[in-house]
Structures are given as structure tokens and as C-alpha cells.
1. Around Ala255, what is the net charge, scoring Lys/Arg as +1 and Asp/Glu as -1 over all other residues with Cβ under 13 Å from its Cβ?
2. Tell me, what ³J(HN,Hα) does each residue in the range 144-149 have, in order and in whole Hz, if you take phi through Karplus 6.51 cos²θ - 1.76 cosθ + 1.60 with θ = phi - 60° and put x for Gly and Pro?
3. For the range 113-251, what is the number of Lys pairs with C-alpha distance below 24 angstrom, counting only pairs 8 or more positions apart or on separate chains?
4. Binned at 5 Å from 0, what are the whole-percent values of the Cα-Cα distance distribution for the range 149-199, short to long?
5. Note down, for the range 199-238, the three equivalent ellipsoid semi-axes (square root of 5 times each alpha carbon gyration tensor eigenvalue), biggest first, whole angstrom.
6. Report the Stokes-Einstein translational diffusion coefficient (µm² s⁻¹, integer) for the range 98-254, Rh taken as the Kirkwood radius over Cα pairs, at 37 °C with viscosity 0.692 mPa s.
7. Out of the DSSP beta bridges found with both residues in the range 108-304, what percent are antiparallel (nearest 5)?
8. As a footprinting exposure proxy, order Lys154, Lys162, Lys219 by other Cβ within 10 Å, with the fewest listed first.
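Read-outs: derived from the displayed coordinates by stated rules, not from any lab. As the structure is a computational prediction, the values presented were derived from the model and not from experiment. No Cβ is skipped: glycine too gets one built from the backbone with ideal geometry, and neighbour counts run over all protein chains shown.
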Amino acid sequence: MTTEEPEQAARGEIVRRHGGAAAKTGLPANKNLAANKGFPANKDLTANKSLTAANSLANKADNSLASKADNRLANKAENRLADNWLPDNRLAAALGSTHHNPEIIHEIMADLNQFMMVYKFGLAEINTKITILAEELTHRGRGNPIEHVSPRLKTPASLTAKARRLDIPLTFDDLRARIRDIAGIRIVCSFVSDVYTVAEMLTRQPDVNLVTTKDYIAKPKPNGYRSLHLIVEIPVFMSDRVVAVPVEVQLRTVAMDFWASLEHKIYYKHDPEVSDALRNELAAAAEDAARLDQRMERLHREIHGPR
């Protein structure tokens, strides 16, 4: 045996071993790779290359599985949404199947986003007006009658639930025409007189159209609920048109808001189970809150005079 033969045998063993490792990773084994390139066989280098190749394949497999999982979740979410939104009768039949056409789903999603967009803009417009009023009254030294403001946009689930409760077809045209509180804003004021003052300041602006008024302060609901509800229309200037967007404006005092918030928590998911005795007690608590409103406003007027 010549001196070169042990070296060649060692090379063959290295190539054999790592050629096998490459085969396990799915890569083609090439016994003569080192020899063909004229490099001496390097056990560590070959092993590292095999390990790198194996890791690369594993990462690709993981990414592929993750991508498939994400797609499945996205499709489930889109399908659940598509089940509730029927932009027109043409799509209603298509959505009756559990297997939705991706193109139809994307069309529905685009229509939904466009439908909700104008309400979002209308809400931003009315919120800006209220912010301007609050800052102006503060700087005029009269005191800001607005304690805090809470804008809200109905979620698709909430809008769908209301439509079904009122037996309104789930089409954009019907929702637009018959549900007027998709966009809403709650204005909490210090005193009862402030509620009417802020409402008057808002509705006398020339671009705010008062549609309906429900005065639950003058005539509370049977459960004791008090608030002033307005539906106003406000123009939203889009790139190609002007849209009159309806927004529900709720105005109430701090005491009214306190009662309404806690009453909602008490009733939440338990409305049928609430006894008549508890309902009567909640109505009595609303009367207590109304008397507190009167007392606090009287004290404020005695100390500071009328606003």
C-alpha cells in the first residue's frame, strides 16, 4: 500500500458518511465534490454544509406550515364575516355555501371597508366639532361643560345582531337606510342644563342637520334611563362626492352616565334573570341620580351663578 492509499481511504470514508447525511436532508450526495474542486477533504466543512442544508430545509418546512396555518385562520375569519354580509342579492346565493369563492370574499371585504369608512369619517367630523366647542368655552372663561367624550363605531357583529333583531335584510342599502346609529358619540356633561346647551351649540351649526330628537331626560324610559339622543347628519367630503353621514349623539350628565354604565353591567347577559324587585330598585336608583343632578346643579348655581 502506498502512502497515498490511506489518505484516499480516509477521504472515501468522509465522503461516504457525509454523502449519507446529505441524502437524509434530501440533498444529492456527490462523492467527488471535494476532489472535483481540487480541495482537500475537510470533515468539519462537509459536516457544516450538511447541517446548514438540513436547517435550511427545516426552516422552509416550518415557514410553509406557518403560512398554511395563517391562511387557514384568515380564511376562517373571512368566511365568518362573509356569512354575515350580503352586499347584494347576487352574492346571497353564493354565500349560502360553506366554501366561499375567494374573489367574492375579497369583494365583500372591500365593500364592507368602503361602507364603514364614511361612518368613520363622519364620526371624526363630529368629534372635531365637539373638541372645538370644549376648547373655546374653556378659553372664554365660562368653564368647559363637557366632562368627557366617547366616540364609537359599531362592529360588524354588533351591526349584524341589530339588523337581525329588527328583521332588516343584511344588505348595505338596507343597513344604510334603516340603521342610523352605526356611528355614535357620547358626550358627558357636568349638569342637566349643560346637556341642552351643548346640544343647541352643536345643532345650530349650518352643516349639522338635526334629523330626530329623543329626550329621555324629560321623559325617562320605564327602567329609569335618562339621556338626550340626537340623530344628526354631517357632510363628509370624499374625493368624488359628498356623503351625508348619520351620527347618533348621546348627551347625559355624569350621574346619568354612572347609572347607565352600572345598569348595563348588572343586566349584561342576565336580562331575563333579573327579578321585578331588582328592576324596581334600579329604577329607584335612577331617581336618586336625578335628584343628585338637581342638587349639585343648584349648589353650583348658588356658588358660581348661572353659566
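1. Summing Lys and Arg as +1 and Asp and Glu as -1 gives -4.
2. 7, x, 9, 7, 6, 10
3. Lysine pair count for the range 113-251: 11.
4. Whole-percent P(r) values from 0 Å outward: 4, 17, 24, 15, 11, 11, 12, 5, 1.
5. In descending order the semi-axes read 26, 10, 6 Å.
6. 192 µm²/s
7. Around 80 percent of the beta bridges assigned by DSSP in the range 108-304 are antiparallel ones.
8. Final ranking by Cβ density, sparse to dense: Lys219, Lys162, Lys154.
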